[in-house]
Amino acid sequence: MKKASDFLRGNLWLIIVGLGIFLAALYFGSQKSDQQFSEGDITYEFAQARIGDIDVVVSGVGQIQAAQQVDLKAVAAGEAIEITAVHVKNNERVTKGQLLVSLDDRTASRRVYDAGLALQSAHIKQRQIEDDFDNKTVDDKRQRQLQEVAVSERVSDLVQARDALGDFQIRSPFDGILTDLTVSSGDSITRTDKIASVITDENIVAVTLNEVDALSVTEGNAVTLTFDALQGTELTGQVSRVDTIGVAEQGVVGYGVEIAIDKSDVTLRPGMSVNAQITAQSTEDVLIIPNSALKGSGQETYVEVQDGTDIVQASVEIGISNTFHTQIKDGLSVGDSVVTNTIRQTEDEEESDGLFGNLRIPGAGGGGPRR
């Protein structure tokens, strides 16, 4: 008993505080809030129909690409062709028609030489036939015509041989930059081997949109571009092409969209990541309301409008919409108050959730916790 008495004296202040908390919980836990609403009370939130602008924006993620890129490969016949000379360096600026790489053309050169000799021989024979068959008989004409055909065939052979010889010289298809050069003199290549690429200075943005967004995008739509590698940089552009055929990947159909970039001093490199905001549709100075005000019943679209002390339904004709607002073409006027939210309050919702409102003391009554 002495130990218990000593314990009580040493911890008296703890016992007093604990008793106070218990009594406070017992009192406040059984009280309701001062505000009480009968079940079925309704509160309306409104917004006014107003004149504004609507932009329908479609977002896409893509990459910078060269406006034009050509991969250079050998078109000359042969299983393995030796490279005899590389006339440029990687990332060097080149012009249209410039010689870039020379291939071993000895066999092709001999064919050109042989074709030239054959043509020369055909011309000599033609002169002989003209001398021998100079009469205007039917047989003379036939002999001269046959030799004219032979000369034409030799000319065709020489042209083809020269064209084939040109295949052993890899030239630039347009003005641009040589990139991804992978060969050097002495290497052997086949027709399928990539030698290098030529790209233009001009860049484009390539993005892929889902089938829903792609339907709203057309050529000429304005675009705002931002770049992961260029924080704070924002450029503009226009949609220059939308694919007509989609590509399905993992059950999702996507359509390629090409964006031409407006002139800029910012250095852009192929492969950079781009975020594109495409303004698919845009209207100015039209009547708009928040999307939350729109309701539907079958084929009808309507809103609830404040009419004095009453709330009435009004059918509306809608236009374009974005994430936040919808255009109203008919059915409302500027300044009309439309219902954007309806709150039905019950008695339980108005009960106090004060400091101890949800604390239940065993044996204190009241059933379950208040909400």
- Query: Of all the residues that make up the stretch 103-117, how many are touching a residue at least 40 places away in the same chain (Cβ under 8 Å) and either not assigned by TED's automatic domain parsing to the domain that holds ILE170 or not in a loop (DSSP other than H, G, I, E, B) (or both)?
  - Reply: 8
- Residue satisfying condition, being out of contact with any strand residue (DSSP E or B) (no Cβ under 6 Å at 6 or more places or on another chain), outside any strand (DSSP E or B) and assigned by TED's automatic domain parsing to the domain that holds MET272, within set ALA248, ALA214, ALA229: ALA229
- Message: Can you pull out every residue in the stretch 243-255 that is surrounded by fewer than 17 Cβ atoms within 10 Å (Cβ to Cβ) and on the phi < 0 side of the Ramachandran plot?
- Response: ASP243, THR244, ILE245, GLY246, VAL247, ALA248, GLU249, VAL252, VAL253
- Query: For THR342, are the conditions met, namely being closer than 13 Å to ILE288 by Cβ and at pLDDT below 90?
  - Reply: no
- Looking only at the stretch 47-58, and only at residues there that are in a strand (DSSP E or B) and touching a helix residue (DSSP H, G or I) at 6+ places or on another chain (Cβ under 9 Å), the one that is nearest to GLU211 (Cα to Cα): VAL58
- over 30 Å from ILE42 (Cα atoms) and modelled with pLDDT of 90 or more - does that describe any residue in the stretch 301-315? no
- Query: When you scan the stretch 86-102, how many residues do you find that are surrounded by 14 or more Cβ atoms within 10 Å (Cβ to Cβ) and assigned to a strand (DSSP E or B)?
  - Reply: 5
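The values are calculated or read from the model by the stated rules, or taken from the named source; none is laboratory data. Worth saying up front: this structure is predicted, and the values here are computed from it rather than measured. When we count neighbours, we look across all protein chains shown, and the Cβ atoms used for this are built from the backbone with ideal geometry, even at glycine.
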